[in-house]
Amino acid sequence: MIRLEDLSVTYPGGVEALRGIDLTIDDGEFVVVVGLSGAGKSTLLRVLNGLVPATSGSVIVEGTQVVGASPATLRQIRSGIGMIFQTFNLVNRTTVLNNVLMGRLSVVPAWRSTLGLWPAKDREAAMVALERVGIVEKAYVRASNLSGGQQQRVGIARALAQEPGLMLADEPVTALDPVTSRHVMGDLQRINRELGITTVVNLHFLDLAREYGRRLVGLRDGEVVFDGDIGDVNDETFRDIYGRSITAEDMLAMGDNPASPPVDSEGV
Amino acid sequence: MTATTQRPTPPRGARERRGALAVVLVVAMVWSLSGLEVTLDRLLGAPGDAWAILRQMVPPAFARVYERGAVGKVFESVYIAWIGTVIGAVLSLPLAFMAAHNVAPVWIRVPIRQFFNAIRAVPELILAVILIPITGLGPWAGTLAIGIHSIGTLGKWATESIESIDSGPIEAVESTGGRWVSSMRWAVFPQVMSTISSYWLFRFEINVRASAVLGMIGAGGVGSELVSHLVFRDFPAASAVLVFTIAVVLTIDTASAAVRRRIIRGGVGRPDEPSRSGEALADLTGIRL
Amino acid sequence: MTHAAGGSVRPDRPPRRPRTLGIAAAVIAFSLFAAREVGFDPSTFWEVWSNPLWEKFWPIPWDWVTDGSNVMGPLIETFQIATISTILGCSLALPVSFAMSSLTTPNRPTYLVSRAVMNVVRAVPDLFWAKLMVTAVGIGAFAGSWALTIFSLAVMVKLFSETVDGADPGPLEAARAAGGRHTPSVRTGMLPTVFPDYVAHALYVFELNIRASIVLGLVGAGGIGRVIEAQRQFFRFDRILGMLVIIFVVVFVIEQASVALRKRLV
């Protein structure tokens, strides 16, 4: 369980990214966070694993206080939290498998991982993670030789390799084309359902949010302005969150049928 | 065209600046020449003197010099340069990770950067002058001098290439709970290694010339050969040594440049990836020391 | 897994390519051989600290060092060598660089010959030139100036001809299209574009020359190196250390000024 209480983040320079957030997320939830860029979505995700330090308030993840935690505690907390990035954050010049193995860094002794002597069971965990996202055949290919969608799935596999209880996805599909976006969102949804991993996703495409989310959190100017079931959401809600009317740019707007079987648009 | 548009007069600034530059250059020349014991007949005599020596240098006495082992001395210079580069590479690599502002805290990177700057400021020859009484005459003194000096330049270049990486993977490693060492090994190292190893090769090219020079003060290699032939005014022998040296230097330059191109080209991820800082690239392609 | 089927079979770990292993083995073998040849001796790294010679480095005899005729005089001579060599070398480099660039070369033979000659000139280490000049025209700063002039020329043509190679050929084409002869076309169509780079490179060469001129005296080509060489014969390392301190302060100041000037130009 995640519990945020009166959480505020002010960046050096005075920008108030988050203001007095109170939020509770139960185990196994699939939460979509929406808001304009600059509303604090990214910051919200990064205070959960301590990549951005909170200025005041409290963040409790799985019973551990994140705010003010020691570096060792922070590493401990992070090892249980997978994170997926908008720009994938893969190391392009090394293999897919090496990228996924990074998810095992917190459990492998530093000297072994530094020398590349990964234990067999950690290799196995990385392979299993790659199998879950369906690109295990690319394990020994350089990450730079993959398409965008495949790279993001490597990013998901890296997070899965941590065997996390919580998955954070920071605008995971912004850099992808519509078909691949649905594919990646489908992966996240499936992982949430099959493995019961609590998932928090930042999105700025509202139709995707509606399609894949179960609970929706709306942020505006660093404050929670909506928190509720996706079924209760209508265009009015989005207008409130965005503080303006909704345009075509806020939609992924693919006229295709969501019921059609997922197709790998990369065709590699 | 209406007649109201007047032709402008040329702006003054440019011409005045050009004039000032000329004055500065002339003053600098006069000042420099005043200290160099330049007399007219020396100046007029110099081309003749040089020509006289040049004439005696042809044909080079290849066979005689070869029998004396000059080729072996050229290779000794190459070995000195190679081992010096290896020493510099091995010692500078870990230091560079502690000197880059995006991965190292300020209390460690400032002293290490100053350390790089300090050794870069001491020429190899001066280092060799200091080292020779400690190690004795011979190639080991030259190797150490080149190795130490290389730590400074290689460290600086490696630091720059670390500073120009994509920081995303570092964030990714941090988000998995990895340690600093892990993020250096798995997020930074793969990104910079091809650039840094091509710097090593480039430094090796420079070091071959440096080690040839070091022999002139007794720190091993081909320099001593050249000096002794010139001292005894054995110009055919001196020119043979020069030709051997030039041949080896040019061969190494060409081969090393080809390998460097392969490393850099084979190492890129996406072609639009902004990976290397301009300064470092200039270091790589130009003669920048 | 719904869509994990369809080609998602675990691949075998690709074997390390024999060529990679071969190269690695060759590099290591060469390094070991070279290390033996140069008398690699790691004990130096710790024994160096207990060397009795270190006592000779300290204390620095400041009154000897600061006596004008001992250090400052030769140091000024050093900078005079660097200055005149930079001016002469870079002036010569201007036409040679244009000849060496495929954009501005007057004709193919000039291009090939100038490139070949300059490659050979650059392959000769700087102090070899100094020693040759000392032999030709006698010991002293005069020889050093010649040597550094050649060195400046070699470095400058490399840097500047690459700048010309990368410059916009449009204006030059326009000048030629207007019927201009070769030299005036280059003068009006190319020189203005690349002149700021030329000055910046010249300042950079000046910085290199300042450093290079310090060691010229070790082979008899004048400047402060002559004093270092003399004191080294007498094992006066305390004086050498004192000189080095002075040299580095002065060199640092000059370099910073030159770097600042270069930054303003580009």
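The values are calculated or read from the model by the stated rules, or taken from the named source; none is laboratory data. Fair warning: this is a prediction, and the values are worked out from it, not measured in the lab. Neighbour counts run over all protein chains shown; Cβ positions are idealised from the backbone, glycine included.
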message = Looking only at residues that are of a type in the set (Gly, Ala, Ser) and surrounded by fewer than 24 Cβ atoms within 10 Å (Cβ to Cβ) in the range C:65-100, which one is modelled with the lowest pLDDT?
response = C:68
task = Inspect the range B:64-73 for any residue being under 28 Å from the mean Cα position of the chain (by Cα), surrounded by 10 or more Cβ atoms within 10 Å (Cβ to Cβ), more than 10 Å from every other protein chain (Cβ to nearest Cβ) and free of Cβ contacts under 8 Å to residues at least 40 places away in the same chain and give the result as yes or no.
result = yes
Selection within the range B:163-187 - surrounded by 24 or more Cβ atoms within 10 Å (Cβ to Cβ) and among the hydrophobic types (A, V, I, L, M, F, W, C) = B:165, B:172, B:173, B:186, B:187
query = Just wondering, is there one or more residues in the range C:40-56 that are touching a residue at least 60 places away in the same chain (Cβ under 8 Å), away from chain B (no Cβ under 14 Å) and of a type outside the set (Phe, Trp, Tyr)?
reply = no
message = I'd like the full set of residues that are buried (at least 20 other Cβ atoms within 10 Å of the Cβ) and either of a type in the set (Asp, Glu) or touching an Asp or Glu at 6+ places or on another chain (Cβ under 8 Å) (or both), limited to the range B:102-128.
response = B:124
inquiry  = For the structure I just gave you, tell me whether residue C:116 is under 24 Å from the mean Cα position of the chain (by Cα), farther than 21 Å from residue C:218 by Cα and not charged (D, E, K, R).
reply    = yes
request  = Check whether at least one residue in the range C:78-101 is more than 30 Å from residue B:31 (Cα to Cα), in contact (Cβ under 8 Å) with a residue 40 or more places away in the chain, among the hydroxyl-bearing types (Ser, Thr, Tyr) and in contact with a Leu (Cβ under 9 Å, 6 or more places away or on another chain), and report yes or no.
outcome  = no
query = Could you say which residue among B:188, B:192, B:213, B:227 is over 21 Å from residue A:118 (Cα atoms) and within 12 Å of chain A (Cβ to nearest Cβ)?
reply = B:192
inquiry  = Test of understanding: among A:112, A:93, which residue is within 8 Å of chain B (Cβ to nearest Cβ) and among the basic types (Lys, Arg)?
reply    = A:93
message = Yes or no: the range C:106-125 includes at least one residue that is modelled with pLDDT under 90, outside any helix (DSSP H, G or I) and over 28 Å from residue B:238 (Cβ atoms).
response = yes
inquiry  = Looking at the range C:160-174, I want the residues that are within 14 Å of residue C:199 (Cα to Cα) and have a partner that is in a loop (DSSP other than H, G, I, E, B) with Cβ atoms under 8 Å, at least 6 apart or on another chain. Which pairs are those?
reply    = C:161/C:101; C:164/C:101; C:164/C:103; C:164/C:104; C:164/C:190
ask   = Hey, any hits in the range C:154-168 for a residue that's in contact with a Cys (Cβ under 8 Å, 6 or more places away or on another chain) and either surrounded by fewer than 20 Cβ atoms within 10 Å (Cβ to Cβ) or closer than 30 Å to residue B:235 by Cβ (or both)?
value = yes
request  = Inspect all residues belonging to the range C:121-128 and state whether any of them is facing chain B (nearest Cβ under 8 Å), within 20 Å of residue C:153 (Cβ to Cβ) and of a type in the set (Gly, Ala, Ser).
outcome  = yes
task = Might you check whether a residue that is farther than 30 Å from residue C:54 by Cβ, β-branched (Val, Ile, Thr) and part of a helix (DSSP H, G or I) occurs anywhere in the range C:200-216?
result = yes
Qualifying residue in the range A:111-123 (condition: touching a helix residue (DSSP H, G or I) at 6+ places or on another chain (Cβ under 9 Å) and within 21 Å of residue B:167 (Cβ to Cβ)) = yes
query = So which of B:245, B:254 ends up being β-branched (Val, Ile, Thr), surrounded by fewer than 19 Cβ atoms within 10 Å (Cβ to Cβ) and within 11 Å of chain C (Cβ to nearest Cβ)?
reply = B:254
request  = Residue by residue through the range B:15-54, note down the ones that are among the basic types (Lys, Arg) and either facing chain C (nearest Cβ under 10 Å) or surrounded by 15 or more Cβ atoms within 10 Å (Cβ to Cβ) (or both).
outcome  = B:42
task = Could you tell me whether any residue of the range A:100-107 is crowded, with 23+ Cβ neighbours inside 10 Å, in a loop (DSSP other than H, G, I, E, B) and at positive phi?
result = no
key: Residues being at the interface with chain C (Cβ under 10 Å from one of its Cβ atoms) and in contact (Cβ under 8 Å) with a residue 24 or more places away in the chain - total across the range B:133-145   = 7
message = I'm trying to understand the selection: among the residues of the range C:217-245, which are facing chain B (nearest Cβ under 9 Å) and either in a helix (DSSP H, G or I) or crowded, with 23+ Cβ neighbours inside 10 Å (or both)?
response = C:218, C:219, C:222, C:225, C:228, C:229, C:232, C:237, C:240, C:241, C:244
key: From A:131, A:163, residue being buried (at least 17 other Cβ atoms within 10 Å of the Cβ) and facing another protein chain (nearest Cβ under 8 Å)   = A:131
key: Verdict on residue C:30 being in a helix (DSSP H, G or I) and either more than 14 Å from chain B (Cβ to nearest Cβ) or more than 24 Å from residue A:98 (Cβ to Cβ) (or both)   = yes
